[in-house]
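Here's the structure, in structure tokens; my notes come after.
Nothing in this text is a laboratory measurement; each read-out follows from the coordinates by a stated rule. Since this is a predicted model, take the numbers as computed values, not measurements. Don't worry about glycine lacking a Cβ; one is built from the backbone with ideal geometry, like all the others, and counts go over all protein chains shown.
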Amino acid sequence: MSSTERAQGPTGGTDDGPGTAEFVQEWRNAAYNCYSSGHKFCREVCPVMQVTRNEVHTPTAFHANVVAMEQGLLSIEDVARDYVHCTQCGACELRCPNTLYTGDFYRFRTRTVQLVKAVRALAVDQGIHQPGWQRWVEETDRQRSEPVLGEVPVSQEHVADWAAGLNLPVGGETILFCDCEGAFHRTSVPRAAAMLLKAAGVEFGLMREQWCCGGPAAEMGYTDRAREFARHNVDDWRAVGARRIIVFDPHDYITFTEDYPAWFGDDYDFEIVLFVELLAELVRDGRIQLTRPVDRTVTYHDACRLNKRKGVHAAPREILRAVPGLTFKDVDHVTQWSYCSGAGGGLPIERPDLTAEISRRRVERAADLGVDTLVSACVWSERPLTEQGGKRDDPIQVLDLLEIVALSAGLAEEPA
Amino acid sequence: MTATLVTDPVIDELIGICGTDNVFADRSSRVNRARVPAPFPVHRWAEHVPDVVVLPTTAEQVSEVVKLANRHRIPVVPRAGGTGLTDGAVPLRHGIVVDVKLMNRILEIDLDDRTVTVQPGINMLKLNEELQKHGVIYPDDPASYPCSLVGGRIGTSGWSLIGGRYGHTRDLVISFQIALPTGELIWVGDGGGRKVRKSSTGYQLKHLFMGHQGTLGIVTEAVLELVPRPEAEFAAFFSYPDYETAWRSTGALAKSGLATLAGVVLFDEWKLDYLRRDDEAYIPQSDDVRCVVATAMYGTTDEVRPGARRLLRIGQETGGAYLGDEISQGDWASRHDRYATPLHGRLRDGQVVPMSWHCEDASINWSKLPQMRREWHDIVARLGDRFRIFDDWGMFAYTNGAFKPWGDYLTEIDVGIWEQELDDASWDAWVTAKRDIAAVAIAHGGSISACHGACRAGEVDLVPAELGGGWDVMKKVKRVLDPLNIMNPGKYLLDQAYEGDPA
Amino acid sequence: MIGFRLSAQLPPEPRRVNDTVVQRFDHVYEVDPALMREHVQQHDFPAWDTRRIVDSRWEHLAWMHAHWADSVVSGEELMSSGE
Ligand SMILES: Cc1cc2nc3c(=O)[nH]c(=O)nc-3n(C[C@H](O)[C@H](O)[C@H](O)COP(=O)(O)OP(=O)(O)OC[C@H]3O[C@@H](n4cnc5c(N)ncnc54)[C@H](O)[C@@H]3O)c2cc1C
Ligand code: SF4
């Protein structure tokens, strides 16, 4: 955490690498918009800051650095590592008054997540790599899926192993996109998704050849690679005549509704459907019957990319309230702006210690409510949360929302 | 000048005290601890970069760091939330920044004697999220409620939005531990008992060690007041056709004697014009809404409901029109954490530019408000005539007394400054304007600052004039407690305390 | 189905509220875009984002009320119930 190497002199000279000037030009006004506020309303909602308390990890610093670069006070080498400390949960930019109070009025809001991605990309462009991320992206490039650690070996050959025995077709108008962590690690989530769709009579198929969505590579600054993955996936969708893509992973949802439109422009004409929203509708309409009581006391972990970045918090709660037998101890979604699992934005790869501590705190908050189960709707959060939940003297189990619903719909059995 | 004092052996010593993980000498850590909101002119950032930053976790570490600084004669600047509006946490002589943010633990909640003991790096909103589980809160509520920290509240002796009901920081901090400028740790309060609110023993040192902007030491632990979590909140906003009526109504509301009354705020015509630029509550208001008075109450339901009826009646009888629940409740809820956002800034041709928010605050008696308000707006208007980068964002006057909110008002003029275009000439003009603004406050028998402190360029020049003989005492105290001028040197003109000293 | 479509994210054309304010969505004011041409350019702002911010704002304000007190007394109700 510490960095005690001495900088040269009190101010130091900076050597603008390639692309720095363009970057500064592009982000100049956005950076000033924060710099000239500097009030740090974003600080205490930031999951990383809650742990490190180190000001160089704040959105305030992330913006001020751009101004400092313009002033010749800092260079990308000085700050690249600081920008690792972000899960891209979006809490800060939503909580920022420049978004929350005036973002809609001016059609100009704080975009810290975009800024973090842009700085990471600038670093990569200048040959400054974070070793864990570099390896991760290279592996993804080789296997077409992220190198998640799971039971199933990661490779294109095994990308649909999770669906074994479900007899799912390939192609069609509606595609179920299965996230890498789900495909290779927590396979019970995509299985639940597929079974629920089948039970509700929704017609869908899988991709011919599914690659990583590209979102993580873009989050780590490897934009060109990310776009190659994206290109492949969009081509694959077009080739099978897909019009609608269903995603259960919030990270994919962000990539498909924010990155892909930015990369492909108006030609990008797919309908992207978020599984929990669809599920809430199917349950509401009675197309999925939740009949089997689930005897658990749960609280819901608002997935950051749904709650903070997309404003999706009602559907998961509606679904949980429809599960018979369940005792649901809710914590409102605004309080949860400052909650996170620490699993996003590549943090677990570069700073697993921070991810673990963020998750530990999240699980502790659940434990304070006296629940036995923490329900999440983000498959990536579930690994660190499960790990921390299991370490407790009074263990907390972590289940995906879809896993719970599959139980209640009689499509799955209680985990041992 | 002192940059060279922080040598590698000093850093090794700091690491020995605080641990490797909590000492930072890299450029990013230092550059990002040089500033607070809307600081010094941006092109002079480099002048304020500290040499090294430490994040201690215990009072003993803080004490050792200060002792080390005395041995090596290195300046020390305490830093809490970094939200202070008088540049208190900005290093003027480089040196060591002691950032207290890692000291954010709650040490004890005492529900019997109604106190909570905390470290100085905790934020009030976060603290209250814990406290409310026990049916109590710590009601220090600045507009920076979600971002300023307890240490900075003490360092500035801050002002709270609901101080009319619950008191301000100095009334809510019962006692605290402080590392003196020479490093010794002492406790100060009203007398000796850490949880005693009123004592007549000895000098009243608590006040001396508040609001000093880090020039008299570093607070390391504090015992804070607990009050029952309010059952009921009531907010009422009234509109008026002119300032005179609004001002008289403000006085009447503040003097109502209603114990649950937490605050009364008067927004003037400039403030209304400014709010109409982009605030959804004010855009639809008709043109005859020229001034607004906001009021808020907290307490038990049994007190608040009848009090609120009375308050509504006073507001209406003194010429106010109730603006309705939506704006009253919505706007009030936004006061705990809302302030000027940069895009409020307008050039005179109406174009939007990002401006930083500078607020000049003063304590002014009610009877003087109309006159000094005219003088302040004139100063800012003249500035705007000369430089397009200044924009008058209006004024408010806010009840200032603790528990008895009628006599004087926190009076603030908000000025937008387009810093991207700032240069030496416009900066100098701004500093002069700030001095003029402070002079008006003093001329009307007021005080330069009600909440932020007065150590920024411009107003600081008039601190000796405001304090008179007290200024000489202040210098003597500083010199006795900080013989080597280690603590936040250069602030508050306190170098004068050492004039005539052999170097 | 309830999904995201890029083509549905284009905000409606603004209509004028006063000299400096326009409206594209009900109850949502926006600056006259002409005032953000010279020095700060507006972002590409999809419709979902406007909705998210407006909703979040009101939710945040409701949260603040609940943070400070158990209940909020209504002035309108007090005045209509009379004395
Ligand atoms: C949006 C906004 C709204 C604001 N509204 C208000 C308001 O309503 N009322 C009000 O009073 N202020 C207000 N302020 C100003 C500011 O929030 C207060 O001055 C606050 O008390 C500063 O706290 P901080 O933790 O940010 O301290 P900092 O800015 O870090 O420090 C403030 C001063 O205290 C010193 N200090 C810091 N820590 C310690 C310590 N442990 N021991 C001794 N000295 C220390 C510093 O050296 C500095 O001189 C507002 C600021 C902003 C940005
Ligand atoms: S990101 Fe927003 S909340 Fe944080 S300091 Fe900048 S302007 Fe303030």
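Just need the relative contact order of chain A here, percent rounded to a whole number, with Cα pairs under 8 Å and 6+ apart.
Working: 707 pairs, mean separation 64.1, N = 416.
Once divided by the residue count of chain A, the mean separation gives 15 percent.
Placing unit charges on the Cβ atoms only, positive for Lys and Arg and negative for Asp and Glu, gives the stretch A:202-287 a dipole magnitude near 200 debye about its Cα centre. How much FRET efficiency would the formula 1/(1 + (r/R0)^6) give for residue B:421 and residue B:244, where r is the Cβ-Cβ distance and R0 is 41 Å, rounded to 0.05? Efficiency for this residue pair is about 0.65.
What's the exposure ranking of C:63, B:427, C:58, going from fewest to most Cβ atoms within 10 Å?
Values: C:63 17, B:427 20, C:58 11.
Placing the least packed residue first, the sequence is C:58, C:63, B:427.
Computed about its Cα centre, the charge dipole of the stretch A:287-408 is approximately 400 debye, with only Lys, Arg, Asp and Glu carrying charge at their Cβ. For the protein assembly as shown, DSSP calls about 70 percent of its internal beta bridges antiparallel.
In the neighborhood of residue B:63, defined by Cβ-to-Cβ distances under 12 Å, what is the net charge if each Lys or Arg adds +1 and each Asp or Glu adds -1? Could you put the intermediate results ahead of the total?
Details: positive: B:67; negative: B:60, B:64, B:184, B:221.
Net of charged neighbours comes to -3.
Near the amide H of residue B:263, within less than 5 Å, lie the amide hydrogens of B:296, all on another chain or at least 5 residues away, with H placed in the peptide plane.
Applying both filters, DSSP loop and at most 16 other Cβ atoms within 10 Å, to the GluC sites (Glu not before Pro) of the stretch A:177-215 gives A:203, A:209.
Secondary structure note: in chain B, about 90% of the DSSP beta bridges are antiparallel.
Remind me, relative contact order of the stretch A:287-408 in percent, using alpha carbon pairs under 8 angstrom and six or more residues apart? Numbers along the way, then the final one.
Working: 189 pairs, mean separation 38.6, N = 122.
The normalised contact order for the stretch A:287-408 reaches 32 percent.
Of the cross-linked pairs B:368/B:478; A:308/B:491; A:308/B:101; A:391/B:101; A:40/B:133; A:391/B:195, those separated by over 31 Å at the C-alpha level are B:368/B:478; A:308/B:491; A:391/B:195. Placing a label point 7 Å from the Cα of residue B:348 along the Cα-to-Cβ direction, the residues of the stretch B:360-386 whose backbone N falls under 12 Å from that point are B:381-386. Between A:163, A:226, A:123, the Gaussian network model of chain A with springs among Cα atoms under 10 angstrom shows the greatest mean-square fluctuation at A:163.
Taking 0.36 nm per residue of separation and subtracting the Cα-Cα distance, what length does fully extending residue A:243 through residue A:22 add? Working shown, then result.
Details: separation 221, 0.36 × 221 = 79.56 nm, distance 3.69 nm.
Contour length minus Cα-Cα distance gives 75.9 nm.
The phi-based Karplus calculation (6.51 cos²θ - 1.76 cosθ + 1.60; θ = phi - 60°) puts the 3J(HN,Hα) values of the stretch A:49-54 at 4, 4, 8, 7, 6, 9 Hz, whole numbers, x for Gly and Pro.
What is the extension gain from residue B:428 to residue B:302, computed as 0.36 nm multiplied by their sequence separation minus the C-alpha to C-alpha distance, in nm to one decimal?
Numbers: separation 126, 0.36 × 126 = 45.36 nm, distance 5.44 nm.
Here the answer is 39.9 nm.
Straight-line cross-link reach from residue B:198 at under 20 Å between alpha-carbon atoms covers these lysines, not counting any fewer than eight positions away in the same chain: B:206, B:404. Rounded to 0.05, the FRET efficiency of the residue A:267 and residue C:37 pair, given R0 = 25 Å and the Cβ-Cβ distance, is 0.30.
Annotation: for a label point projected 7 angstrom from Cα along Cα→Cβ of residue B:477, residues of the stretch B:153-173 with backbone N closer than 16 Å are B:154-158, B:170-171.
When the charge dipole of chain B is built from unit charges on Cβ atoms (+1 for Lys and Arg, -1 for Asp and Glu) and taken about the Cα centre, the candidate among B:240, B:162, B:109 whose Cα reaches farthest toward its positive end is B:109. Spin-label pair residue B:105-residue A:167: with each label point 7 Å from Cα along the Cα-Cβ axis, the two points sit 6.2 nm from one another. Within the stretch A:131-281, what percent of beta bridges assigned by DSSP are antiparallel, to the nearest 5? Percentage antiparallel, nearest 5: 0. Between helix B:269-278 and chain B, what is the angle of the helix's C-alpha long axis to the longest principal axis, kept within 0 to 90° and rounded to the nearest 10? The answer is roughly 80 degrees.
Given R0 = 51 Å, the distance between the Cβ atoms of residue B:288 and residue B:112 translates into a calculated FRET efficiency of 0.40.
Evaluate the charge dipole of the protein assembly as shown about its Cα centre and quote only its size in Debye, nearest 20, assuming +1 on the Cβ of each Lys and Arg and -1 on the Cβ of each Asp and Glu.
Working: 105 positive and 143 negative charges, 343 e Å.
In debye, rounded to 20, the protein assembly as shown gives about 1640.
Across the stretch B:396-410, computed HN-Hα scalar couplings (Karplus, 6.51 cos²θ - 1.76 cosθ + 1.60, θ = phi - 60°) run 9, 10, 10, 3, 10, x, 7, 6, 10, x, 10, x, 9, 10, 5 Hz from first to last residue, x flagging Gly and Pro.
Of all the options C:60, C:39, C:27, the one that moves most in a Gaussian network model of chain C with Cα springs shorter than 10 angstrom is C:39.
Run the helix sum for the protein assembly as shown: -39,500 (n - 2.57) per DSSP H stretch of 4+ residues, divided by residue count, reported at 222 nm to the nearest 500 deg cm²/dmol. Kindly include the intermediate steps, with their values, before the conclusion.
On the way: 40 runs with 386 residues, N = 1002.
Theoretical 222 nm ellipticity from helices: -11000 deg cm²/dmol.
3J(HN,Hα) couplings calculated from phi for the stretch C:71-80 with the Karplus curve 6.51 cos²θ - 1.76 cosθ + 1.60 (θ = phi - 60°) are, in sequence order, 9, 10, 7, 8, x, 4, 5, 4, 6, 7 Hz; Gly and Pro show x. Other residues within the sphere of radius under 10 Å centred on the Cβ of residue A:336, judged by their own Cβ, net out at 0 (K and R +1, D and E -1).
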